[in-house]
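The values are calculated or read from the model by the stated rules, or taken from the named source; none is laboratory data. Keep in mind that what you see is a predicted model, and the values were worked out from it rather than measured. Because the Cβ atoms are built from the backbone with ideal geometry, glycine has one as well, and the counts that use them run over all protein chains shown. What goes into the accessible areas is simple: the full protein's heavy atoms, side chains included, and nothing from ligands, DNA or RNA. Shrake-Rupley method; radii C 1.70, N 1.55, O 1.52, S 1.80 Å.
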Amino acid sequence: WANLDGLLQRRAAVALEIAKSDIADPASSLLLTAAAHQARDAQMKARSQAESGLSGALGLLLNDGHLVSGSIEKDLLRELSELTDKIRIAIALHVDAVTRTQLVRKKFIFRTFRLAGTAPLPVTYEFESDVL
């Protein structure tokens, strides 16, 4: 989770940089800034909704077609694309780890002897099933 969280925080930072650049019009910039701040500051219970909102705002911006093509803007968009690929991999790893942990903890011997201790059962989040 720590790796995925770090990548999501970096994506929000890149989204803020994109919002401050000349890539988007002022309305898109305002929407993207609000979504990025919400994603960075969200508590765990509201994290799924905030990350989905940021994905939607980035999707609207990238599908708009009115992007400015400067060298700084191309670098930001390339970095965002690379981060999106890394996030997809991190989500797959996190979902796999959670699934395997849940399967192991359901075994009789783990429940009987409390081998997991008091550690909470890991969970997946709704935004992990979203398309980035």
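Of the residues making up the range 42-56, not one is open to solvent by 40 Å² or more (accessible area, probe 1.4 Å) and either at pLDDT 95 or above or closer than 10 Å to Ala15 by Cβ (or both).
Taken as a whole, the range 1-9 holds at least one residue that is over 30 Å from Leu115 (Cα atoms) and free of Cβ contacts under 8 Å to residues at least 40 places away in the same chain.
Just to be sure before I move on: is Ser129 open to solvent by 50 Å² or more (accessible area, probe 1.4 Å) and at pLDDT 90 or above in the structure I sent? No, not satisfied. The range 42-129 holds helices (runs of 4 or more DSSP H) entirely within its bounds, and those carrying 2 or more residues that are of a type in the set (A, V, I, L, M) map to 47-64, 71-105. Taking the criterion of being among the small types (Gly, Ala, Ser) and at pLDDT below 90, the residues of the range 62-106 that qualify are Gly65, Ser69, Gly70, Ser71.
Within the range 85-100, does at least one residue satisfy the condition of being in contact with a Lys or Arg (Cβ under 8 Å, 6 or more places away or on another chain) and either within 30 Å of Ala13 (Cα to Cα) or loosely packed, with under 10 Cβ neighbours inside 10 Å (or both)? Yes, the range 85-100 contains at least one residue that is in contact with a Lys or Arg (Cβ under 8 Å, 6 or more places away or on another chain) and either within 30 Å of Ala13 (Cα to Cα) or loosely packed, with under 10 Cβ neighbours inside 10 Å (or both). When you check Gly59 against the structure, is it of a type in the set (Gly, Ala, Ser) and either modelled with pLDDT under 90 or over 18 Å from Leu16 (Cβ atoms) (or both), yes or no? Yes; evaluated as a whole, the condition is true for this residue.
Of the residues Ala42, Ala24, Ala92, Ala36, which is within 19 Å of the chain's Cα centre (by Cα) and over 18 Å from Trp1 (Cα atoms)? Give the derivation first.
Details: Ala42 fails: over 18 Å from Trp1 (Cα atoms); Ala24 fails: within 19 Å of the chain's Cα centre (by Cα); Ala92 fails: over 18 Å from Trp1 (Cα atoms).
It is Ala36.
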